[in-house]
Amino acid sequence: MPTDTKRVRGPDVSQSPFLFWSRPAEVLPSHEPRADGRQRDQVDVRPVFVRCGLVSQAKGSAYIEAGNTKVLCCVYGPRETERKDETDMKSGRLTTDMRFAPFSCPERGSWIQGSQDKDFSLMLQESLQPAVCLHRYPRSQIEVNVMVLENSGSILAHAVTCASMALADAGIEMYDLVLGCSLRQDGGSYVVDPSYPEENSWRSGSGEKRGGLTVAFLPSLNQVSGLQSDGEMAEETLTAGIRTCIEGCYKLYPVIQQALIKAVRRAAPPPAES
């Protein structure tokens with residue numbers, strides 16, 4: 001029997017496609033401890049690892065790792081604006097680009113920037129722009145590129161923190177650092193710095209109010225530069241959630257300061273021998 005050369009033959013050993021079907025996130029009980037051991041209804045953020053100056057080709061770079069969430073940010077510029085019609089004689093321009101690696105999420109994505117990436121890029125720009133002294137860079141643009149290597153929850157908050165560190169590492173003049181913190185409300189309980197399963201958990205048939213909140217905060221100036229909320233949250237719950245996120249930012253502040261101090265010491269020239 002002749003061989004059909006136009007047919008793509010499958011491998012000898014194969015598995016059922018039902019094995020790779022994405023299943024909906026399981027319901028996480030609101031009264032039990034969290035999967036990673038952290039406490040509910042407390043400002044209990046994940047331990048973070050931060051490092052600056054990892055990418056030599058960029059003007060400034062930073063890497064942050066919180067649990068399994070891994071984010072890398074590079075800053076280029078200031079340099080001349082590419083489009084002359086967008087040139088501002090009195091102020092510079094901040095551009096942000098946030099993308100997810102195809103392997104960063106449980107469901108494999110694409111390199112092409114989707115609607116979610118564009119929304120995150122816009123929210124990142126709105127959070128960083130109030131902290132950057134753009135009037136010091138007229139007719140120039142500063143590019144911030146964020147790459148999510150692994151998404152394990154609270155990705156926007158950690159991207160804001162990582163981008164702020166990269167701007168500081170690049171020597172960009174800023175009014176203050178920008179730190180991010182997220183919160184997830186589930187009825188009468190809330191979790192700070194939620195993980196990916198906690199962000200995507202669902203509760204069918206429950207009349208409880210559920211929502212998420214991400215705050216970008218300037219700790220030295222005590223000002224909020226960005227706020228993103230989704231779901232359904234009461235006004236009192238939203239106000240209390242903002243205070244909780246601010247407290248989480250203050251817990252992260254000393255770690256970021258120490259990382260920047262170490263980066264400056266590494267970049268400083270050795271003392272001259274007498």
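The values are calculated or read from the model by the stated rules, or taken from the named source; none is laboratory data. Values in this document were obtained by computation on a predicted structure and should not be read as measured data. Because the Cβ atoms are built from the backbone with ideal geometry, glycine has one as well, and the counts that use them run over all protein chains shown. Keep in mind that these areas ignore ligands, DNA and RNA; they rest on the heavy atoms of the full protein, side chains included. Shrake-Rupley method; radii C 1.70, N 1.55, O 1.52, S 1.80 Å.
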Residues whose modelled amide H sits under 5 Å from the amide H of Gly153, counting only those 5 or more places away in sequence or on another chain, are Tyr196
Treat each spin label as a single point 7 Å out from the Cα along the C-beta direction, and report the Tyr175 to Leu221 distance in nm. 0.2
Where a ≥ b ≥ c are the square roots of the eigenvalues of the C-alpha gyration tensor, would you call the stretch 57-179 rounded, which needs a/c under 1.5, or, failing that, prolate if a/b is larger than b/c, or oblate? prolate
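Relative to the present Cα-Cα distance, how much length would full extension add between Gln57 and Glu107 at 0.36 nm per residue of separation? Write out the running numbers ahead of the final one.
Details: separation 50, 0.36 × 50 = 18.00 nm, distance 3.08 nm.
Taking 0.36 nm per residue and subtracting the Cα distance, the gain is 14.9 nm.
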Using a basic spin-label model with each label point 7 Å from the Cα along Cα→Cβ, how many nm lie between Asp36 and Ala267? 2.9
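Which of Lys70/Lys262; Lys59/Lys90; Lys90/Lys262; Lys90/Lys251 have a Cα-Cα distance over 29 Å? Don't jump to the answer; show the numbers that get you there.
Values: Lys70/Lys262 20 Å; Lys59/Lys90 23 Å; Lys90/Lys262 34 Å; Lys90/Lys251 36 Å.
Those over the limit are Lys90/Lys262; Lys90/Lys251.
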Sequence of Tyr63, Tyr76 from largest to smallest accessible area, 1.4 Å probe: Tyr76, Tyr63
